[in-house]
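First up is the structure itself, then whatever we jot down about it.
The values are calculated or read from the model by the stated rules, or taken from the named source; none is laboratory data. Bear in mind that the values here come from a model prediction, so they are computed numbers and not experimental data. Backbone-built Cβ (ideal geometry, glycine too); neighbour counts: all protein chains shown.
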Amino acid sequence: MPNRYLILGDRVAIRPVCANDYEEITALTRDSSELHHPWIPRRDTTREAFDDFVARFAQPTHEGLVICLRQTDEIVGGVNINNIVRGSMQSGMLGYVAYASTAGHGYMSEGLRLVVQFAFTELGLHRLEANIQPTNTASLNLVKRLGFLREGYSPGFQRINGVWQDHERWALTADMLSAGPCAGPA
Ligand SMILES: CC(C)(COP(=O)(O)OP(=O)(O)OC[C@H]1O[C@@H](n2cnc3c(N)ncnc32)[C@H](O)[C@@H]1OP(=O)(O)O)[C@@H](O)C(=O)NCCC(=O)NCCS
């Protein structure tokens, strides 16, 4: 597994999600229901739905990554870069989750920083966007820690578990990173 890592950090590394991750991710997702909701839509946990999820990342418009502990290869988080637009935009939209058993240890901060590095170098992206509900403090803290800038407020941005929820729009560009180091580790 480690030889599939794209980038290594001190404690975590990132790699593409794959079909073999089904059982581990499904168990983690089941145990994380309280953490994940109401912030992200509930997902089908069948093998078929997971295979569809993984198949999405065969498209050039989507990247699906997992954050793993380097010592054990255990999955501690997932990050998707969705809706990648090329041409004059070179942008993507982030989605991410921690899992209950390993949340609150800084693994997401370290892992998302690796994803940003991967996006701005290997993928050649210029801008990453994250849309976050105003009361999702953990997610807001995460993007602030990485140097994202609050760009605006989007009423009724995403339908989550049956309700159209307002979101704040946060973004980071490669220029912002090169202008100064993003906030250090939490
Ligand atoms: C948003 C989410 C991914 C953040 O995950 P997280 O585990 O809090 O993030 P980190 O791994 O970076 O941990 C940060 C916390 O660990 C703490 N921490 C402990 N040890 C640490 C260490 N060695 N290094 C860094 N941080 C450490 C930090 O102080 C911080 O706590 P704080 O936010 O209370 O200050 C998680 O809450 C989640 O999955 N939420 C549900 C899904 C969701 O909201 N997704 C995003 C939708 S926009």
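Total residues in the range 13-42 satisfying the condition of being surrounded by 17 or more Cβ atoms within 10 Å (Cβ to Cβ) and among the polar types (S, T, N, Q): the figure is 2. Against the definition (assigned to a strand (DSSP E or B), touching a residue at least 24 places away in the same chain (Cβ under 8 Å) and surrounded by 19 or more Cβ atoms within 10 Å (Cβ to Cβ)), how does residue 158 come out, yes or no? So residue 158 fails the test.
Restricting the first member to the range 113-132 and to residues that are farther than 16 Å from residue 175 by Cα, and the second to residues that are basic (Lys, Arg) and modelled with pLDDT of 95 or more, the beta-carbon pairs closer than 9 Å and six or more apart or on different chains are 130/169; 131/169; 132/169.
Which members of the range 43-53 meet the condition of being surrounded by fewer than 17 Cβ atoms within 10 Å (Cβ to Cβ) and either in contact (Cβ under 8 Å) with a residue 12 or more places away in the chain or part of a helix (DSSP H, G or I) (or both)? Within the range 43-53, 43, 45, 47, 48, 49, 51, 52 meet the criteria. Within the range 10-42, which residues are in a loop (DSSP other than H, G, I, E, B), within 16 Å of the ligand (Cβ to nearest atom) and farther than 11 Å from residue 78 by Cβ? Passing the criteria: 10, 11, 37, 38, 39, 41, 42. Per this entry, residue 173 is counted among residues that are more than 21 Å from residue 32 (Cα to Cα), modelled with pLDDT of 95 or more, out of contact with any Pro (no Cβ under 9 Å at 6 or more places or on another chain) and not aromatic (Phe, Trp, Tyr).
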